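Remarks on the structure that follows.
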Amino acid sequence: MENGSTLKKKYWRFRRNQEMNMSPEITIRGVRYMIMSKLNKSDTRPVIPLAHGDPSAFPCFRTAQIAEDAIIHSIRSAKFNGYGPNIGILPARRAVAEYLSQDLPNKLTEDDVFLTVGCTQAIQTILTVLANPKANILLPKPGFPYYEAVANSCHLEVRHFDLLPEKDWEVDLDAVEALADENTVAMVIINPGNPCGNIFTCEHLEKVAKTAKKLGILVISDEVYDHLAFGKNPFVPMGTFGSITPVVTLGSISKRWIVPGWRLGWLAINDPNNILKEHGIIDCITRHLSISCDPSTIIQGAIPDILGKTKEDFFLKIINIIKEAANICYEGLADVPGVICPSKPEGSMFVMVKLDLSVFEDIKDDVDFCLMLAKEESVIILPGITVGLKNWLRITFAIEHLALEDGIKRLKAFCERHSD
Ligand SMILES: *Cc1c(COP(=O)(O)O)cnc(C)c1O
């Protein structure tokens, strides 16, 4: 008798889903692991992680105590042990609406808010809802590769517009107009910016809204780094312009509270003219959420306290640490040969720097650079190709200051050693 593994392939009736693209999806996590696999185990120095947008492991980035207490209370109350509704429990949705409304001219209600498993599921939800045959979506370049991955998996065509480094990474709005056609459904912006560390001005956001209005498309605004702004421009939510064109805001507590593992995010509708409702988009969001999974009820139960009671001094402390880190990073990079930083980061946790490969003797491209850097200096940086810009680097500066200084020093030694 043949055993299972020697039976002919034709015997088994299952096949992998042919629709799923099997070429390796470029994900930040995947590339980061590939680079980490090059680390030299005999290097006794600590590894410096400058590729990771999750500083929760550093003691100085511990979340607010009020947030920890809120979770404990939620558990102890014994009120949040059951299933919740698909769109999230009412007090939590109301708390998110109030939290977002603080900065908005048109106030949101609980009906405008859907709770999701991190901002990740909010991205998945809105793209799936918009993915009709032939539809296309405009994404920023550089950007956040998860959008491409989701768009590919739901057959939504992707077109890229540039963010302009010489203009503080503003959207190339002419390119947006040139790219759009009658099948374009939406454009995505990420503000504060990942990977660029920029903050869009209020004037620019208004222009984005007017361009979208002109094209008849909605704006999806990824504000997962909301309020992490420490430069000249204040953070302004895109929802401010929801009366010009419909705006779907995506967010979570992952970054501002530094708890990405808690998996609580949201999708919020800024559309005082009810255009999305009239087009069935809101119904479709509810339907999509009814067949996907929802965030743990324990965390939903804690959300009113987390959003409502976290004190300003926690946010200030975190902003100050990140702002000082951005300074250390920007000033440190100024005298690293072969590395050009077009603008000082003013928000989020990242900066994009350009490689001048002509300076180096033996480095082929950004991936090569990052692999060699990991091997020789135990410093992990993300190659720009991962976020759509070849021969650039994305550096995360949200780590402890001493480690950051060490990392920049090693980066400098590496670049000096490889330049002629
Ligand atoms: C981290 C991140 C997300 C995902 O957020 P989660 O809440 O962890 O799911 C989405 N968009 C951008 C731009 C991010 O940096």
Interatomic Cα distance distribution for the range 136-196, bins of 10 angstrom, percent: 22, 55, 22, 1
Packing-based exposure ordering (other Cβ within 10 Å, fewest first) of His204, His227: His227, His204
Gyration tensor verdict on the range 50-197 (Cα atoms; rounded if a/c is under 1.5, prolate if a/b is larger than b/c, oblate otherwise): prolate
³J(HN,Hα), Karplus 6.51/-1.76/1.60, whole Hz, each residue of the range 140-157, x for Gly, Pro: x, 10, x, x, 10, x, 4, 4, 4, 4, 5, 4, 4, 6, 10, 6, 9, 5
Residues with amide H under 5 Å from that of Glu170, placed H, sequence gap 5 or more: Leu164
For Asp222, distant residues with modelled amide H under 5 Å away: Ile189, Ile190, Asn191, Leu250
Karplus-derived 3J(HN,Hα), 6.51/-1.76/1.60, for each residue of the range 158-175, Hz, glycine and proline x: 10, 10, 10, 10, 7, 9, 9, x, 6, 10, 6, 6, 5, 5, 7, 5, 5, 5
Two-decimal Rg to Rh for the range 21-116 - Kirkwood Rh, Cα set: 1.13
Calculated from backbone phi, Karplus (6.51, -1.76, 1.60) coupling profile of the range 343-359 in Hz, x at Gly/Pro: 8, 5, x, 10, x, 6, 9, 10, 9, 9, 10, 9, 8, 9, 5, 5, 6
Cα gyration tensor category, rounded, prolate or oblate, for the range 104-261 with a/c compared to 1.5: rounded
Flagged links, alpha-carbon separation over 21 Å, of Lys344/Lys409; Lys167/Lys344; Lys317/Lys409; Lys141/Lys207; Lys210/Lys390; Lys207/Lys344: Lys317/Lys409; Lys210/Lys390; Lys207/Lys344
Amide hydrogen neighbours beyond the local backbone of His160, cut-off 5 Å, H modeled: Leu139
All-pairs alpha carbon distance profile, the chain, 20 Å steps from 0, percent: 25, 55, 19, 1
Listed peptides 404-416, 189-201 by packing density, highest first (mean Cβ within 10 Å): 189-201, 404-416
Relative contact order for the range 98-231, counting Cα pairs under 8 Å that sit 6 or more residues apart, in percent: 21 percent
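Each reported figure results from applying straightforward, stated rules to the coordinates on display, with no laboratory input. This structure is a prediction, so every number in the text was calculated from the model and none was measured. Positions of Cβ are generated from backbone atoms using ideal geometry, with glycine treated the same way; all protein chains shown enter the neighbour counts.
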